[in-house]
Each structure stands twice: as structure tokens, then as C-alpha cells.
Amino acid sequence: MDHHFILRVVAKMLMPPIMLYALYVQFHGDFGPGGGFQAGVIFAVAFILYALVFGLDSLRRVAPPAIVRAGVALGVLLYAGTGAYSFFKGKNYLDYSALADADHAVGGQHLGILLVEAGVGLTVASVMIAVFMAFAARAPEIKDTDW
């Protein structure tokens, strides 16, 4: 695929806006459509596009499987840890008022939603990348002559 110069340049130009849009969807999820799941899928698309254009070995150098697995665990830990924190503060599981000061109850709601959505986004992106890596590793190699 070394002779697909235009495809490589366009892919490199598309990846930053895709990731930026994923961040927009992530942080705009509090106020409108979007959130962690949608942002995680969009973020993973940038990595999958990278792998489709530059190859699976290049993706493994950019996102090593150990880091991807750690992202899955960290996202779940962030989500569950937010709930456990509120539970140990004497509130219901995922009751975000436990994260707030007595004077700023709304701030706790925003912080709680931000943490939970960040955990969901990280988990979804990592799982999507891991699933792609697993399937791509077992796929037969496509030759340049197949284009």
C-alpha cells in the first residue's frame, strides 16, 4: 500500500478532526445528544481508519494491545469508582450529590456525569479498538493487487 499516497495524506488529515469531533460529542453530551458511548465509537473510528490505511502493525505501535486493555479496565473502574464513592459517602450508588459541596449541589451533578461519561467513552473506544484488532489479526492479508 505504499503507492496510495493520496489515501495516506487524506487519512492523516481526517484523523485529528475525527478525534476533535469525538471530544465535542463527549463534552456536549450533558446538554444535548451525545455522550460517552457515541464519543467512544467516534474516537475508535480514528484508530480503525489509521489501521485500515497504514496496517495493523502500525496500529499496534500507536496503540499497543496492553494499553488498549488498560483503557478498558480504567474506563470501567472510573464508572464503578464514581458509583462506589457515592455509595461509601452514604448516598445511593451513582448519586452524584455525594460529589458536591453542601453549597454546590449542581456542581456534583456535573462532575458525576462527566466522570461516568468519561468512563463509558474510554471503555467503548478501547473495546472497539480491541475488537477490531482481534478480527483484523485473523483476517486474510489483502494484497495490493486486490484493489
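Yes or no, residue by residue, for (1) β-branched (Val, Ile, Thr); (2) under 24 Å from PHE135 (Cα atoms); (3) in contact with a Leu (Cβ under 8 Å, 6 or more places away or on another chain); (4) not in a helix (DSSP H, G or I):
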{"site": "VAL10", "(1), (2), (3), (4)": "yes, no, no, no"}
{"site": "LEU14", "(1), (2), (3), (4)": "no, yes, yes, no"}
{"site": "ALA22", "(1), (2), (3), (4)": "no, yes, no, no"}
{"site": "LEU74", "(1), (2), (3), (4)": "no, yes, yes, no"}
{"site": "LEU77", "(1), (2), (3), (4)": "no, no, no, no"}
{"site": "TYR93", "(1), (2), (3), (4)": "no, no, no, yes"}
Q. Residues TYR50, TYR96: which one is farther than 24 Å from ARG138 by Cβ and of a type in the set (Ser, Thr, Tyr)?
A. TYR96
Q. For segment 24-66, how many residues meet the condition of being closer than 16 Å to VAL131 by Cα and surrounded by 14 or more Cβ atoms within 10 Å (Cβ to Cβ)?
A. 20
Q | Residue list for segment 75-95, filter: buried (at least 17 other Cβ atoms within 10 Å of the Cβ) and under 21 Å from ALA22 (Cα atoms) | A | GLY75, LEU78, TYR79
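Looking at ALA39, ALA11, ALA51, which is the one that is under 14 Å from the mean Cα position of the chain (by Cα) and of a type in the set (Gly, Ala, Ser)? Quick ask: steps written out before the conclusion?
Working: ALA11 fails: under 14 Å from the mean Cα position of the chain (by Cα); ALA51 fails: under 14 Å from the mean Cα position of the chain (by Cα).
ALA39 is the lone residue from the list that is under 14 Å from the mean Cα position of the chain (by Cα) and of a type in the set (Gly, Ala, Ser).
Scan segment 44-72 residue by residue and report those that are outside any helix (DSSP H, G or I) and in contact with a helix residue (DSSP H, G or I) (Cβ under 7 Å, 6 or more places away or on another chain). Steps first, please.
Narrowing segment 44-72 to residues outside any helix (DSSP H, G or I): 55, 63-64.
Hit for segment 44-72 is ALA63, nothing else.
Any read-out appearing in this document is the output of simple, stated calculations on the displayed coordinates, not a laboratory observation. As the structure is a computational prediction, the values presented were derived from the model and not from experiment. Cβ coordinates were reconstructed from backbone atoms using ideal geometry, including for glycine residues, and neighbour counts include every protein chain displayed.
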